[in-house]
1. Could you sort 125-132, 100-107 so that the peptide with the highest average Cβ count within 10 Å comes first and the rest follow in order?
2. Out of I196, A158, A131, whose Cα points farthest toward the positive end of the dipole of segment 131-197 (charges: +1 Lys, Arg; -1 Asp, Glu; placed on Cβ)?
3. Give the lysines whose C-alpha is closer than 30 Å to that of K9, dropping any in the same chain fewer than 8 places away, or say none.
4. At F198 and V183, where each label point lies 7 Å from the Cα along Cα→Cβ, what is the point-to-point distance in nanometres?
5. I'd like the carbon and sulfur percentage of the solvent accessible area for the chain, probe radius 1.4 Å, heavy atoms only, ligands and nucleic acids excluded.
6. Based on Cβ point charges of +1 for Lys and Arg and -1 for Asp and Glu, what charge dipole magnitude is obtained for the chain about its Cα centre, in debye rounded to the nearest 20?
7. Could you pull out every whole DSSP H run in the chain that spans at least 15 Å of Cα extent along its own axis and averages 0.5 or higher on the Kyte-Doolittle scale?
8. Three principal axis extents, largest first, for the C-alpha atoms of segment 122-238, in Å?
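The values are calculated or read from the model by the stated rules, or taken from the named source; none is laboratory data. Values in this document were obtained by computation on a predicted structure and should not be read as measured data. Neighbour counts run over all protein chains shown; Cβ positions are idealised from the backbone, glycine included. We work out accessible area using only protein heavy atoms, side chains counted, and drop any ligands, DNA or RNA first. Shrake-Rupley method; radii C 1.70, N 1.55, O 1.52, S 1.80 Å.
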Amino acid sequence: MAGVSGCIKYSMFIFNFLFWLCGILILAIAIWVRVSKDGQEILSPGDSATNPYISVNILIAVGSIIMILGFLGCCGAVKESRCMLLLFFIGLFLILLLQVAAGILGATFKSESERMLNETLYENVKLLTGADNDAKAFQKALAEFQEEFKCCGLVNGAADWGNNFQQNSKSCECQSSTDPSCVSYESKYVYKQPCISFIKELVAKHILIVIGIAFGLAVIEILGLVFSMVLYCQIGNK
Ligand SMILES: *[C@@H]1O[C@H](CO)[C@@H](O)[C@H](O)[C@H]1NC(C)=O
(Lines give C-alpha, C1' and ligand atoms only; values in the text may rest on other atoms or scores of the structure.)
Protein backbone atom coordinates (compact mmCIF):
# COMPACT_ATOMS: atom_id res chain seq x y z
CA MET A 1 0.00 0.00 0.00
CA ALA A 2 1.89 3.02 -1.27
CA GLY A 3 0.79 6.58 -0.76
CA VAL A 4 -0.01 8.96 2.02
CA SER A 5 -2.76 8.19 4.49
CA GLY A 6 -5.14 11.14 4.64
CA CYS A 7 -5.94 10.22 8.21
CA ILE A 8 -2.35 10.63 9.37
CA LYS A 9 -1.83 13.70 7.23
CA TYR A 10 -4.80 15.54 8.71
CA SER A 11 -4.19 14.26 12.24
CA MET A 12 -0.71 15.66 11.89
CA PHE A 13 -2.15 18.96 10.70
CA ILE A 14 -4.69 19.26 13.55
CA PHE A 15 -2.19 17.95 16.08
CA ASN A 16 0.38 20.56 15.12
CA PHE A 17 -2.21 23.24 15.11
CA LEU A 18 -2.82 22.28 18.77
CA PHE A 19 0.95 22.24 19.28
CA TRP A 20 1.15 25.72 17.89
CA LEU A 21 -1.64 26.76 20.29
CA CYS A 22 0.35 25.19 23.17
CA GLY A 23 3.28 27.37 22.17
CA ILE A 24 1.07 30.43 22.33
CA LEU A 25 -0.30 29.31 25.71
CA ILE A 26 3.20 28.91 27.14
CA LEU A 27 4.16 32.31 25.78
CA ALA A 28 1.03 33.79 27.35
CA ILE A 29 1.73 32.18 30.76
CA ALA A 30 5.35 33.34 30.63
CA ILE A 31 4.33 36.88 29.84
CA TRP A 32 1.65 36.74 32.55
CA VAL A 33 4.25 35.62 35.13
CA ARG A 34 6.53 38.39 33.98
CA VAL A 35 3.84 40.98 34.42
CA SER A 36 2.46 39.77 37.76
CA LYS A 37 5.15 40.09 40.39
CA ASP A 38 3.47 37.88 43.03
CA GLY A 39 5.97 35.86 44.97
CA GLN A 40 8.99 36.89 42.94
CA GLU A 41 10.12 39.40 45.53
CA ILE A 42 9.67 36.87 48.32
CA LEU A 43 12.13 34.47 46.71
CA SER A 44 14.74 36.86 45.42
CA PRO A 45 14.42 40.34 46.85
CA GLY A 46 18.07 41.16 46.15
CA ASP A 47 18.19 41.07 42.38
CA SER A 48 14.52 40.84 41.51
CA ALA A 49 15.25 42.68 38.26
CA THR A 50 17.28 39.84 36.78
CA ASN A 51 16.95 36.59 38.69
CA PRO A 52 13.26 35.62 38.34
CA TYR A 53 13.25 36.71 34.71
CA ILE A 54 15.80 34.09 33.71
CA SER A 55 13.30 31.26 34.06
CA VAL A 56 10.54 33.34 32.47
CA ASN A 57 12.80 34.15 29.52
CA ILE A 58 13.53 30.44 29.12
CA LEU A 59 9.78 29.85 29.07
CA ILE A 60 9.35 32.50 26.39
CA ALA A 61 12.06 30.81 24.30
CA VAL A 62 10.38 27.40 24.77
CA GLY A 63 7.03 28.82 23.74
CA SER A 64 8.56 30.28 20.59
CA ILE A 65 10.32 27.02 19.69
CA ILE A 66 7.08 25.07 20.10
CA MET A 67 5.31 27.57 17.86
CA ILE A 68 7.98 27.15 15.18
CA LEU A 69 7.80 23.35 15.45
CA GLY A 70 4.02 23.45 15.21
CA PHE A 71 4.37 25.50 12.06
CA LEU A 72 6.91 23.04 10.58
CA GLY A 73 4.63 20.10 11.38
CA CYS A 74 1.54 21.78 9.94
CA CYS A 75 3.23 22.83 6.70
CA GLY A 76 5.24 19.64 6.41
CA ALA A 77 2.05 17.58 6.57
CA VAL A 78 -0.04 19.69 4.21
CA LYS A 79 2.72 20.19 1.61
CA GLU A 80 4.03 16.64 2.13
CA SER A 81 7.51 18.04 2.55
CA ARG A 82 9.96 15.45 3.81
CA CYS A 83 12.48 18.16 4.64
CA MET A 84 10.08 19.99 6.95
CA LEU A 85 8.93 16.77 8.58
CA LEU A 86 12.52 15.75 9.23
CA LEU A 87 13.32 19.14 10.79
CA PHE A 88 10.17 18.76 12.88
CA PHE A 89 11.19 15.29 14.03
CA ILE A 90 14.75 16.31 14.94
CA GLY A 91 13.60 19.42 16.81
CA LEU A 92 10.98 17.50 18.74
CA PHE A 93 13.39 14.73 19.58
CA LEU A 94 15.98 17.19 20.94
CA ILE A 95 13.32 18.84 23.09
CA LEU A 96 12.20 15.50 24.50
CA LEU A 97 15.84 14.66 25.32
CA LEU A 98 16.31 18.00 27.08
CA GLN A 99 13.11 17.48 29.05
CA VAL A 100 14.15 14.04 30.21
CA ALA A 101 17.60 15.37 31.17
CA ALA A 102 16.03 18.25 33.12
CA GLY A 103 13.69 15.83 34.88
CA ILE A 104 16.58 13.58 35.92
CA LEU A 105 18.62 16.57 37.13
CA GLY A 106 15.63 17.96 39.04
CA ALA A 107 14.96 14.66 40.77
CA THR A 108 18.66 14.25 41.62
CA PHE A 109 18.99 17.70 43.17
CA LYS A 110 15.56 17.82 44.82
CA SER A 111 16.82 17.81 48.40
CA GLU A 112 19.58 20.23 47.46
CA SER A 113 17.12 22.78 46.09
CA GLU A 114 14.86 22.35 49.12
CA ARG A 115 17.83 23.11 51.33
CA MET A 116 18.69 26.15 49.23
CA LEU A 117 15.13 27.46 49.44
CA ASN A 118 15.15 26.97 53.21
CA GLU A 119 18.45 28.78 53.53
CA THR A 120 17.32 31.64 51.31
CA LEU A 121 14.23 32.10 53.45
CA TYR A 122 16.26 32.04 56.67
CA GLU A 123 18.65 34.58 55.14
CA ASN A 124 15.75 36.82 54.20
CA VAL A 125 14.71 37.21 57.84
CA LYS A 126 17.44 39.86 58.07
CA LEU A 127 15.63 41.90 55.44
CA LEU A 128 12.59 42.28 57.68
CA THR A 129 14.53 44.49 60.09
CA GLY A 130 16.35 46.41 57.33
CA ALA A 131 15.55 49.82 55.90
CA ASP A 132 17.11 49.88 52.41
CA ASN A 133 15.21 49.48 49.13
CA ASP A 134 15.70 45.71 48.79
CA ALA A 135 14.47 45.24 52.35
CA LYS A 136 11.48 47.50 51.74
CA ALA A 137 10.48 45.58 48.62
CA PHE A 138 10.69 42.30 50.49
CA GLN A 139 8.73 43.68 53.43
CA LYS A 140 5.95 44.86 51.14
CA ALA A 141 5.76 41.44 49.46
CA LEU A 142 5.69 39.60 52.78
CA ALA A 143 3.04 41.93 54.18
CA GLU A 144 0.76 41.00 51.26
CA PHE A 145 1.57 37.34 51.78
CA GLN A 146 0.79 37.59 55.52
CA GLU A 147 -2.61 39.04 54.84
CA GLU A 148 -3.48 36.36 52.31
CA PHE A 149 -2.20 33.33 54.22
CA LYS A 150 -2.91 34.52 57.76
CA CYS A 151 0.65 34.18 59.02
CA CYS A 152 3.11 36.58 60.59
CA GLY A 153 6.87 36.89 60.22
CA LEU A 154 9.03 34.54 58.23
CA VAL A 155 10.61 32.02 60.61
CA ASN A 156 9.96 32.94 64.24
CA GLY A 157 6.69 34.86 63.96
CA ALA A 158 6.08 38.53 64.65
CA ALA A 159 9.47 38.97 66.32
CA ASP A 160 11.15 38.65 62.88
CA TRP A 161 9.98 42.17 62.12
CA GLY A 162 12.10 43.66 64.91
CA ASN A 163 11.80 47.44 65.01
CA ASN A 164 9.72 47.42 61.82
CA PHE A 165 6.88 45.55 63.53
CA GLN A 166 4.66 48.51 64.39
CA GLN A 167 4.93 49.82 60.82
CA ASN A 168 3.90 46.49 59.30
CA SER A 169 1.67 45.08 62.03
CA LYS A 170 -1.58 45.60 60.13
CA SER A 171 -1.14 42.57 57.87
CA CYS A 172 -0.26 40.43 60.92
CA GLU A 173 -3.29 41.33 63.00
CA CYS A 174 -6.11 38.91 63.75
CA GLN A 175 -9.76 39.85 63.38
CA SER A 176 -10.69 38.65 66.87
CA SER A 177 -8.62 38.59 70.04
CA THR A 178 -10.15 35.25 71.11
CA ASP A 179 -8.84 33.36 68.05
CA PRO A 180 -6.67 30.46 69.36
CA SER A 181 -4.30 30.76 66.38
CA CYS A 182 -3.28 34.23 67.53
CA VAL A 183 -0.94 35.54 70.19
CA SER A 184 -0.42 38.86 71.84
CA TYR A 185 2.72 40.67 70.69
CA GLU A 186 3.66 44.25 71.55
CA SER A 187 0.05 44.94 72.61
CA LYS A 188 -1.37 43.64 69.30
CA TYR A 189 -3.07 40.34 68.51
CA VAL A 190 -1.16 38.72 65.67
CA TYR A 191 -1.07 35.37 63.86
CA LYS A 192 1.09 32.88 65.71
CA GLN A 193 2.10 30.90 62.61
CA PRO A 194 5.20 32.16 60.71
CA CYS A 195 4.92 32.24 56.93
CA ILE A 196 7.82 29.94 56.01
CA SER A 197 5.76 26.73 55.73
CA PHE A 198 3.16 28.47 53.55
CA ILE A 199 5.87 29.79 51.22
CA LYS A 200 7.40 26.33 50.94
CA GLU A 201 3.99 24.83 50.21
CA LEU A 202 3.33 27.47 47.55
CA VAL A 203 6.66 26.74 45.87
CA ALA A 204 6.00 22.98 46.02
CA LYS A 205 2.57 23.51 44.44
CA HIS A 206 4.08 25.50 41.59
CA ILE A 207 6.72 22.83 41.02
CA LEU A 208 3.96 20.19 40.87
CA ILE A 209 2.15 22.22 38.20
CA VAL A 210 5.39 22.44 36.18
CA ILE A 211 5.90 18.66 36.46
CA GLY A 212 2.32 18.04 35.33
CA ILE A 213 2.75 20.29 32.30
CA ALA A 214 6.06 18.59 31.44
CA PHE A 215 4.48 15.11 31.51
CA GLY A 216 1.53 16.22 29.41
CA LEU A 217 3.90 17.76 26.87
CA ALA A 218 6.06 14.62 26.78
CA VAL A 219 3.04 12.48 25.82
CA ILE A 220 2.11 14.95 23.05
CA GLU A 221 5.73 15.03 21.86
CA ILE A 222 5.99 11.24 21.57
CA LEU A 223 2.78 11.16 19.51
CA GLY A 224 4.24 13.90 17.30
CA LEU A 225 7.44 11.90 16.78
CA VAL A 226 5.53 8.78 15.75
CA PHE A 227 3.15 10.60 13.40
CA SER A 228 5.84 12.63 11.66
CA MET A 229 7.98 9.53 11.15
CA VAL A 230 5.08 7.54 9.69
CA LEU A 231 4.18 10.40 7.34
CA TYR A 232 7.83 10.83 6.38
CA CYS A 233 8.07 7.15 5.42
CA GLN A 234 4.77 7.17 3.54
CA ILE A 235 5.86 10.15 1.44
CA GLY A 236 9.09 8.32 0.66
CA ASN A 237 7.19 5.21 -0.55
CA LYS A 238 4.88 7.15 -2.84
C1 LIG B 1 16.43 25.51 57.47
O2 LIG B 1 17.62 26.24 57.73
C3 LIG B 1 17.79 26.57 59.10
C4 LIG B 1 19.00 27.48 59.26
O5 LIG B 1 19.94 27.30 58.27
C6 LIG B 1 17.91 25.28 59.95
O7 LIG B 1 18.04 25.60 61.30
C8 LIG B 1 16.65 24.45 59.73
O9 LIG B 1 16.75 23.22 60.40
C10 LIG B 1 16.40 24.20 58.26
N11 LIG B 1 15.11 23.52 58.10
C12 LIG B 1 14.91 22.55 57.20
C13 LIG B 1 13.54 21.97 57.13
O14 LIG B 1 15.81 22.15 56.49
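1. Answer by packing, highest mean first, reads 125-132, 100-107.
2. Looking along the dipole axis, the top candidate is A158.
3. K79, K238
4. Label-label distance for F198 and V183, simple model: 1.6 nm.
5. 68
6. Dipole size: approximately 900 debye.
7. 6-35, 51-78, 82-108, 196-237
8. Each principal axis gives a Cα extent; for segment 122-238 these are 84, 35, 19 Å.
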